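The values are calculated or read from the model by the stated rules, or taken from the named source; none is laboratory data. If you're wondering where the values come from, they're calculated on a predicted model, not measured in any experiment. As a convention, Cβ positions derive from the backbone with ideal geometry for all residues, glycine included, and neighbour counts pool all protein chains shown. Surface accessibility is based on the protein's heavy atoms, side chains included, excluding ligands, DNA and RNA. Shrake-Rupley method; radii C 1.70, N 1.55, O 1.52, S 1.80 Å.
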Amino acid sequence: MSAYANQVKEYVQRYQIEMDANGMLDPHAVAEWAYRNGLHKPNRRTVIDAIAADIAQVFREEYRTDKSGQRYRAMHAVRSRTGNRTMSLWADMDDERAPRDHFVRSFAQRRQQIVGDCFQLMTDVDVYNSKCPAQQPIQIVLDFTNDIEELRLPLNGRKAA
């Protein structure tokens, strides 16, 4: 773990004690508290990273609708490492200059991220269940076939939620 991560963990622990957080943490509230108390002083790199994160979020949230009425995410990222730095390059699906290989890699990376998320979810559920043996175990189904099929149905053919 990095020195920075250790610093953050230390002031999060201090926040929990001083603010009586009751086990629930709002990162924005912790950040505001840490900043106000001089525990976190952003430098130029931190500010640039925050702005870049905002830009990436805007890209992530850009959806469009195609001629057949399908809503799609327009901007897609490919993550790559250069030395010890990870960067993301984004491309617009509607930009003919963007190479097909970019989208192949982006879709593969997103799929792998979903697999990793599902694996971590299953691990978290297993650990929670082992820590709470007196309670009924939480069951998680990771087969999304029916969920996807239901979402693909025309809106008027879907079951009411």
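Could you tell me which residue of segment 135-149 is nearest to residue 69 (Cα to Cα), considering only residues that are part of a loop (DSSP other than H, G, I, E, B) and of a type in the set (S, T, N, Q)? Break it down stepwise before answering.
Within segment 135-149, the subset part of a loop (DSSP other than H, G, I, E, B) is 135-144.
Next, from what is left, pick out any that are of a type in the set (S, T, N, Q): 135-136, 139.
On the way: 135: 46, 136: 43, 139: 35 Å.
Applying the filter and picking the extreme gives 139.
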Scope segment 23-67; condition acidic (Asp, Glu) and over 29 Å from residue 95 (Cβ atoms); matching residues: 26, 32
Count of segment 14-57 residues which are more than 28 Å from residue 77 (Cβ to Cβ) and loosely packed, with under 11 Cβ neighbours inside 10 Å: 8
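For (1) under 21 Å from residue 63 (Cβ atoms); (2) open to solvent by 70 Å² or more (accessible area, probe 1.4 Å); (3) outside any helix (DSSP H, G or I); (4) of a type in the set (Lys, Arg), each residue gets a yes or a no:
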| site | (1), (2), (3), (4) |
| --- | --- |
| 90 | yes, no, yes, no |
| 98 | yes, no, yes, no |
| 118 | no, no, no, no |
| 126 | no, yes, no, no |
| 133 | no, yes, yes, no |
| 151 | yes, yes, no, no |
Segment 67-101: number of residues that are out of contact with any Lys or Arg (no Cβ under 8 Å at 6 or more places or on another chain), among the basic types (Lys, Arg), touching a residue at least 12 places away in the same chain (Cβ under 8 Å) and under 25 Å from residue 151 (Cβ atoms): 0
Which numbered condition residue 106 fails, given (1) in a helix (DSSP H, G or I); (2) open to solvent by 60 Å² or more (accessible area, probe 1.4 Å); (3) of a type in the set (Gly, Ala, Ser): (2)
